[in-house]
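Heads up, the thing below is written out as structure tokens.
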Amino acid sequence: MIKAAKRLDTVQEYYFSKKLREVRGLAAAGKPIINMGIGSPDLQPPVEVLAAIKSSLNDPSAHKYQSYQGLPELRSAISKFYKNKFSVDTNSEDEVLPLMGSKEGIMHISMAFLNEGDKVLIPNPGYPTYTSVTKLVGAEPLFYNLSNVNNWQPNYKELEEQDLSNVKIMWVNYPHMPTGTNATLETFEKLVAFGKKHQILIINDNPYSFILNDNPVSILQVEGAKDTALELNSLSKTFNMAGWRVGMVLGNTAYISEILKVKSNMDSGMFYGIQKGAIEALQLPDTWFTVQNKIYEERRVLIWQLADKLGATYNKNATGLFVWAKIPEGRKAEEVTDAILYDKDIFITPGTIFGSQGEGYIRFSLCVTAAIIKEAISRI
């Protein structure tokens, strides 16, 4: 038996990989499982996108290897999207890099900038992949706590009290997952100033800007942000294209070129038809977001009712694809979610998978129909 690499000793199988296997097993055994755990949009992609991928299949270049940098038209569409939605100017030639999902970008960025022993500031609670990728490349996670007291924003007093001498990267994620807290321009101004002061690369992971959010903001809107910041984005949530794996990273030429060194050795380009579909998505009018958000608003009201029945509280001003709810004092998140799963056949995510600061919270996904949410309410 060949031993696995030592780096795998630092990580475990992703929570949803394990838990969804259990949930599928329960369903296969005849349990009427309602899955409210994962943020995989159940709504369809835009019809224009589906038409674009279909019509592209007969193009002469459709089935060849594609450019590591993506089609020029795709980079241009991303650049125009950022200009139209965020008033951010980028050079599509060398400040925009399409990715096979922003999750891929987390690995590429980490491989491009982290050496063994470097430290990485990671939000707690936050996306677990920031931590696992940091460990896989031999760097050290340094967690910074977010809390409801501070509206889930960075506490700079606490950050400055840490030893930041070996910190190379700081991950931020606004609108924040799992809490749904939005950033303001002031949030990003402080982050950019912090990054410049300590020579830290600030990376904002930004896939939720247009979901139940009246004020989309990009860290690249801050003057001078490109000196010390990158932004990841994705079409997964915004355009219901999670399985297509279309993401992007934007920043200055020097940073993007380093990431490209990694990416070009890891893949052979994104499928042509997917790129054509992505171009169509990025050109859609704002009515697309309006229609999507009306559906999510209806679902969110019902999720609030479900949370009420569980005695949980929530912030009605939160954004994004989830409802983050505080459970009654004295109860543990995983105890609550396991009880609901095994007794009521409803899968909800415990806040603890996002870090210790998620204890006492649970997360509901809006990626289930209103009818299914009503069924869940009836079971409680």
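Residues of the stretch 123-143 that are touching a Gly at 6+ places or on another chain (Cβ under 9 Å), crowded, with 22+ Cβ neighbours inside 10 Å and over 12 Å from residue 356 (Cα atoms): 139 alone.
The listed residues are 48, 73, and the only one of them that is in contact with a Lys or Arg (Cβ under 9 Å, 6 or more places away or on another chain) and outside any loop (DSSP other than H, G, I, E, B) turns out to be 73. Would you mind telling me which numbered condition in (1) under 22 Å from residue 146 (Cβ atoms); (2) surrounded by fewer than 21 Cβ atoms within 10 Å (Cβ to Cβ) residue 344 fails? Evaluating residue 344 over (1) under 22 Å from residue 146 (Cβ atoms); (2) surrounded by fewer than 21 Cβ atoms within 10 Å (Cβ to Cβ) leaves (1) as the failure.
Given the structure, is residue 53 within 30 Å of residue 226 (Cβ to Cβ) and not assigned by TED's automatic domain parsing to the domain that holds residue 306? In short, no.
The one condition from (1) touching a Ser or Thr at 6+ places or on another chain (Cβ under 9 Å); (2) under 30 Å from residue 216 (Cβ atoms); (3) surrounded by 19 or more Cβ atoms within 10 Å (Cβ to Cβ) that residue 353 does not meet is (1). Every condition in (1) assigned to a helix (DSSP H, G or I); (2) touching a helix residue (DSSP H, G or I) at 6+ places or on another chain (Cβ under 6 Å); (3) not small (Gly, Ala, Ser) is met by residue 364 except one, and the failing one is (1).
The values are calculated or read from the model by the stated rules, or taken from the named source; none is laboratory data. Every value quoted in this text rests on a predicted model; they were computed, and no experiment measured them. All Cβ positions, glycine included, derive from the backbone under ideal geometry; neighbour counts span all protein chains shown.
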